[in-house]
Amino acid sequence: MAEARKLDLKSDIKYLKGVGPKSAASLQKLGITTVGDFVTYYPRAYEDRSCVTSIGDLMPENEESIYTVIGVIVNIKEKLFGRNRSILMATISDGTGYLQVNWFNQRFLKKSLTIGKRILVYGKIGYAYGGRGMMAVTRLISFELLEPGEAVPQQGILPVYQATESINQRYIRRLMENLWQSGPQIGEIIPQKIREKYRLLPRQEALHSIHYPKNNEELARARESLAFEELYVIQCGLLLLKKDSQQEVDGIRHLMSGSLVKSVIKSLPFSLTDDQSNAWQDIEKDMERNVPMRRLLEGDVGSGKTVIALLALVKTVENGYQGAFMAPTEILARQHFAKFSEMLSGTKIRVGLLVGSLTAKNRRETLEKIAAHELDIVIGTHAVIQDDVHFDALGLAVTDEQHRFGISQRAALDKKGEHSPDVLVMTATPIPRTMTLTVYGDLDVSRIEHLPPGRQPIRTFVRESDRRQLIYEFVKKEIEAGRQAYVVCPLIEESESSDENSHHIPSAEEVYAELSQGIFRNIPVGLVHGRLKKDEKQQTMDDFYGNRLKLLVATTVIEVGVDVPNASIMVIENADRFGLAQLHQLRGRIGRGPYSSYCILVAGSKSPLSRERLEVLRDTSSGFEVAEADLRLRGAGQFFGTMQHGAGDLKIVNVMKDTDILLRARQAALETMADSKTLESIRPYLTEKYKDKFSQINDA
């Protein structure tokens with residue numbers, strides 16, 4: 001008989017006992033392709049099943065009213081309502097009483113929820129709505145169907161995993177047991193010296209305890225060790241990237257700013273603010289060093305980051321090099337091209353545009369000009385980093401809205417020149433200071449915290465949906481006074497409405513139909529969303545930019561990359577469906593001209609938490625304060641949802657609560673960089689883990 005395969009963390013998940021081809025495909029959809037992925041598929045919650053309570057002994061609606069109950073299904077019925085919405089209602093009994101259990105929009109359970117089946121339910125107990133005193137599970141946390149004669153499942157602290165229709169809790173738990181019974185080979189990542197100093201559990205022990213904690217104290221210790229490991233690895237990777245790119249790569253040493261830079265500064269129609277001047281001084285110093293600049297410029301929407309980027313590009317041109325400016329959308333790239341061309345019209349600087357929609361002939365001619373150094377500044381989208389783009393002498397690469405680009409894309413820009421070019425990254429997504437270490441640990445940071453004088457403040461209002469008629473009458477008056485307006489709707493998926501009381505949320509198409517045929521029927525109205533064809537979307541945006549459309553109904557496609565100074569009013573429908581940082585980004589699309597601007601947040605929910613979130617935006621104009629509030633109210637998952645780097649690596653870290661662990665991990669990473677022996681012990685792991693994201697590490 002063949003010896004069982006010894007599993008290590010790199011082993012394909014298909015070799016784990018209990019995984020067949022079909023389930024391997026389902027696990028892959030959860031991001032699980034290896035044993036390592038599976039062992040770090042951490043529980044999303046835990047259930048304390050220390051005891052099973054009889055239905056007759058349940059005490060509904062008290063502070064600790066989460067119970068484990070086992071009963072038999074004695075009645076089941078289905079109720080259909082609305083569009084593709086349903087509720088399955090089961091009554092279970094254990095001989096001491098009856099309990100109602102509901103499943104919303106889970107019709108696939110009909111086959112398995114049959115009368116006579118034993119079921120274990122775990123959840124919060126209250127009184128059934130309209131049930132005349134009958135008890136119900138008011139928040140179902142989990143459930144398991146038991147086979148006839150099957151013993152009560154494992155007691156104690158039980159892990160709860162993110163499950164799907166095809167990969168359920170029971171199956172994940174069974175696979176996890178199979179994995180640990182197979183005795184997987186789990187090596188250490190953190191060097192022993194660091195592990196001992198920071199009192200971390202051995203990795204194998206921490207991983208086992210996170211899935212099978214004996215008590216809450218053991219769970220907390222395991223979680224802390226694994227969170228430290230995640231943050232330590234990211235910090236080491238980022239610091240190593242910074243070390244390698246600055247110490248082992250030849251940079252470009254720019255000379256001090258000369259007459260060309262000074263003449264451009266003099267021609268600006270405004271003076272630089274203190275924040276802008278400080279940021280520009282940081283960038284000048286970086287560019288004049290012989291190590292490559294790696295700087296992040298953070299600044300709120302409208303704070304004047306683009307002007308600083310322009311000066312940096314002029315500086316590299318003055319030194320005989322070329323500059324590249326990469327924007328996240330073609331619309332924004334075209335707007336920057338128009339703006340830069342206008343601002344540099346009094347100079348001999350040649351500005352070119354490289355975007356995906358260029359004709360084959362125009363693209364070929366542009367590439368030839370870039371290679372022959374007949375263009376000094378090239379503005380484009382990700383087209384700038386494609387393999388067929390060859391710069392004669394790239395001195396500076398600027399990326400706008402960094403969270404739309406991954407670190408590997410930034411690395412691709414690096415390789416466009418003979419020497420490693422200076423890199424300036426700009427973001428209008430303010431990040432709390434400690435979190436900057438996690439997302440941008442390889443970059444030095446400059447901040448523009450104050451808006452330039454003369455920038456019109458945006459007055460923000462929170463209104464209930466029953467005021468919509470009055471809101472749109474106000475919008476109409478603004479349009480008749482010569483202004484333009486946005487109406488933003490959330491992207492809707494059917495699965496978002498998960499309970500019978502949730503109201504219908506109109507889509508962008510429905511709002512467009514309602515407004516264009518109703519109150520705005522004599523006004524040019526446009527519609528733009530992500531499902532439109534690229535050309536159609538571009539045409540609509542161009543028409544709005546050119547003031548041919550007065551009202552634009554849109555989804556979040558306008559969050560980045562639209563600059564229409566004449567637009568002074570924005571209505572955000574069902575504003576509670578958006579994150580605060582996202583709402584702030586959207587709000588930044590207005591207030592760009594000399595007109596009074598208004599942002600009206602239409603609340604779709606009456607919950608106090610939703611109201612509190614929207615009132616933060618109403619009372620706060622600083623993006624940095626909004627970001628802190630967003631992090632506090634929503635947690636890190638949503639915050640990092642927009643980040644291409646960080647999200648996939650943070651499986652157990654809670655950015656809100658783990659600041660102390662982050663700072664300790666950062667300190668440990670700095671110690672590692674300073675100790676060549678410790679660094680060499682972790683370098684192979686970092687090289688393997690980050691070969692795609694941190695390509696320079698792989699090259700070192």
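The values are calculated or read from the model by the stated rules, or taken from the named source; none is laboratory data. Just so it is clear, the model here is predicted, and its values are computed rather than measured. Here the Cβ is made from the backbone with ideal geometry for all residues, glycine too, and neighbour counts use every protein chain on show. We work out accessible area using only protein heavy atoms, side chains counted, and drop any ligands, DNA or RNA first. Shrake-Rupley method; radii C 1.70, N 1.55, O 1.52, S 1.80 Å.
Of 110, 17, 550, which has the most accessible area and how do the rest follow, probe 1.4 Å? Each step should come with its number before you reach the end.
Values: 110 95, 17 145, 550 50 Å².
Listed by decreasing accessible area, they come as 17, 110, 550.
Would you mind checking the pairs 193/689; 339/534; 22/214; 29/124; 6/29; 315/369 and listing those with alpha carbons more than 28 angstrom apart?
Details: 193/689 21 Å; 339/534 23 Å; 22/214 33 Å; 29/124 30 Å; 6/29 25 Å; 315/369 20 Å.
Violating the 28 Å limit, Cα to Cα: 22/214; 29/124.
Entry note, region 167-309: relative contact order of 18 percent, from Cα contacts under 8 Å with a spacing of 6+ residues. Shape verdict for region 226-319, please, from the Cα gyration tensor: rounded (a/c under 1.5), prolate (a/b greater than b/c) or oblate. Cα axes put region 226-319 in the oblate bin.
What net charge is computed for the residues neighbouring residue 199, neighbours being all others with C-beta under 10 Å from the C-beta of residue 199, Lys and Arg scored +1, Asp and Glu -1? Present the calculation step by step, with values, prior to reporting the outcome.
Values: positive: 195, 197, 221; negative: 196, 224.
For residues surrounding residue 199, the net value is +1.
The local environment of residue 299, defined by Cβ-Cβ distances under 9 Å, has a net charge of -2 under the rule Lys, Arg +1 and Asp, Glu -1.
Coupling constants for region 448-453 follow from the phi torsions by the Karplus curve (6.51 cos²θ - 1.76 cosθ + 1.60, θ = phi - 60°), and in residue order they are 10, 9, 10, 6, x, x Hz; glycine and proline get x. Scalar couplings 3J(HN,Hα) for region 97-104, obtained by applying the Karplus form with A = 6.51, B = -1.76, C = 1.60 to θ = phi - 60°, are x, 10, 9, 9, 10, 10, 10, 9 Hz; x denotes Gly and Pro. Electrostatic bookkeeping for residue 595 treats Lys and Arg as +1 and Asp and Glu as -1; over the other residues with beta carbon under 11 Å from its beta carbon, the sum is +1. Remark: accessible surface ordering of 337, 520 (largest first) is 337, 520, probe radius 1.4 Å. The amide H of residue 162, built 1.01 Å from its N in the peptide plane, has 44 as neighbours under 5 Å, considering only residues 5 or more places off or on other chains.
Of the solvent-accessible surface of region 162-255, computed with a 1.4 Å probe and all protein chains present, 44% belongs to carbon and sulfur.
Solvent-accessible area of residue 681, probe 1.4 Å, all protein chains present, reported in Å² to the nearest ten, please. Around 70 Å² of this residue is reachable by solvent. Rounded to the nearest Hz, the phi-derived 3J(HN,Hα) couplings of region 162-179 under the Karplus curve 6.51 cos²θ - 1.76 cosθ + 1.60 (θ = phi - 60°) are 5, 10, 10, 4, 8, 10, 8, 3, 4, 5, 4, 5, 5, 4, 5, 5, 4, 4, where x marks glycine and proline. Sorting 282-295, 134-147 by average packing, meaning the other beta carbons within 10 Å per residue, from highest down gives 282-295, 134-147.
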